[in-house]
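Below is one structure, written out as structure tokens; the observations come after it.
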Amino acid sequence: MSFPEPEPKLQRPHDSNSHSSTGVSILRRRVVVTGIGVVSPNGIGIKSFWQAIRSGASGIDTISLFDPASLSCQIAGEVKDFQPADYLPPKDLRRVGRAVPLAIAAAKEALRAAGVDATEMSLEQRRSWGVILGSGGGTPDFIEQQYRLYFTDQVRKASAYNISSSTIGTLSSEISQYFGFKGPSHIISTGCGSSTDAIGYSFNMIRFGLADHLITGGVDATITPGIMLGFSIMKAVSCSHNEDPQRASRPFDRLRDGFILGEGAWILILEEREQALTRGAPIYAEVLGYASTCDAFHAVRLDPTGEEPARAMGLALQDANLAKEEVGYIALHGTSTVLNDRTETQAAKLCFGRRAYDIPMSSIKSMIGHPQGASGAAGVTAAILGMIHNVVPPTINYEEPDPECDLNYVPNRALEKQVEISLCNCISFGSKNSALVLARANGK
């Protein structure tokens, strides 16, 4: 299995300048992905993850992080065989949530892939690197543990970091501190689209000259008793496959009945293209466009018309200066809930018209579950690897077609296809919608 070496040019150049509504020329620098790191339920490391995605291997199983016997849904997409102590000493692990070592592990792999060694950087170099991550839940395991101490009369065991480590912003702070990066350190938390938005914000910061190098993507580790209970009460998760976990997440299938909670970290290194080429960095893909909209409809339900997610996709393509006919693959949000999958299908039809039936599109949540705010970065990663290897990832567990979900979801087996342009779609609670456009690198 080969991965890209440093490459001096991309498959499709992007306009470096555009015009604002006032007619003023705005310099837009090109933004490329130079590193990828993965800690996923179906594979730790980019090669293991891609092998699992390509072969349709599920990482969903019975929950082992705690005893789920009292819950109606007892399965999830856990990261298996992960050793947090390989990344942080015990004293640090006691003061942070599980998401922190997950993110550190993925960030270390991404930086290594990008040919970056933070320990060799000067102060000035470290000031040019920042962190913008997406996370929907932050550190709920740490928070629930601290509450448990209080309610079981073990207050003396509570952490002195109770407040600081409970804030969602601690995730980017910990990454910045770990690597010594002194540029912007932000968390974007917009629900399930958090990491899509984080990548989009990073893209804009670099192309408009506000940053040069950013660690971005997403991390979430929300498989906790409290979170699982909450989603069960909402009837958002599937509770009918406890005995056959790997068949539980079934986006767009007629028998889908809820999502399966997942966890993990998918981290990208974004850089300004010319600086990346100057230092001989590998180029995995180019980010071309980003947009977001809001249904302004309901706290958890989508507007069933699909108009705003369709508009987000259209605006992202407009931002990328691309025609809809140029899209070769769509990475769908595809949660395996009845309303989400139906609405996303409708949105694709609204955006692409009859051509929606010709575009291969899929949801890797069928294999990893729904890693909440990290899900967008997971889809982006799979889309990039698919473009590198000329393979479209499948949607597994697609067994009974739904008349209301009648597009090409690449059922059950990967599709051999060269894709030049991928569109990545995300839909969040609060009826938020986000879309990213990526171009294939001319990798070897």
Legend entry - Net length gained if the chain between residue 161 and residue 51 were fully extended (0.36 nm per residue, minus Cα distance): 35.7 nm
Inset, instruction - At 7 Å along the Cα-to-beta-carbon direction for both residue 93 and residue 255, put a label point, then send me their distance in nm to one decimal. - result: 4.0
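If we count other beta carbons within 10 Å of each Cβ, what is the order of 333, 241, 389, fewest first?
Values: 333 29, 241 21, 389 17.
By the 10 Å Cβ count, ascending: 389, 241, 333.
Given Cα positions, please report Rg to Rh for segment 38-140, the hydrodynamic radius being the Kirkwood one. If you can, show how the numbers build up before the last one.
Numbers: Rg = 16.4 Å, Rh = 16.0 Å.
Rg/Rh: 1.02.
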Legend entry - Extension gain, residue 67 back to residue 355 (0.36 nm per residue minus Cα-Cα distance, nm): 99.0 nm
Legend entry - Cβ-based exposure ranking for 31, 38, in which fewest neighbours within 10 Å come first: 31, 38
Legend entry - Stretch gain in nm, segment residue 154-residue 338, where the contour uses 0.36 nm per residue and the Cα spacing is subtracted: 62.0 nm
Legend entry - Model label zone, residue 229; criterion: amide N under 14 Å from point 7 Å along Cα-to-beta-carbon; scope segment 151-165: 151-152
Legend entry - Share of pairwise Cα separations in segment 316-444, more than 25 Å, in percent: 16
Inset, instruction - Quick one: order 405, 192 by neighbouring beta-carbon count within 10 Å, fewest to most. - result: 405, 192
Inset, instruction - Return the distance in nm (one decimal) between the two label points of a simple spin-label model at residue 301 and residue 420, each offset 7 Å from Cα along Cα→Cβ. - result: 4.3
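Read-outs throughout are calculated quantities, based only on the coordinates presented, and are distinct from any laboratory measurement. A quick note: this is a predicted structure, and the numbers were derived from the prediction, not measured. All Cβ positions, even for glycine, are placed from backbone atoms using ideal geometry, and neighbour counts span all protein chains on display.
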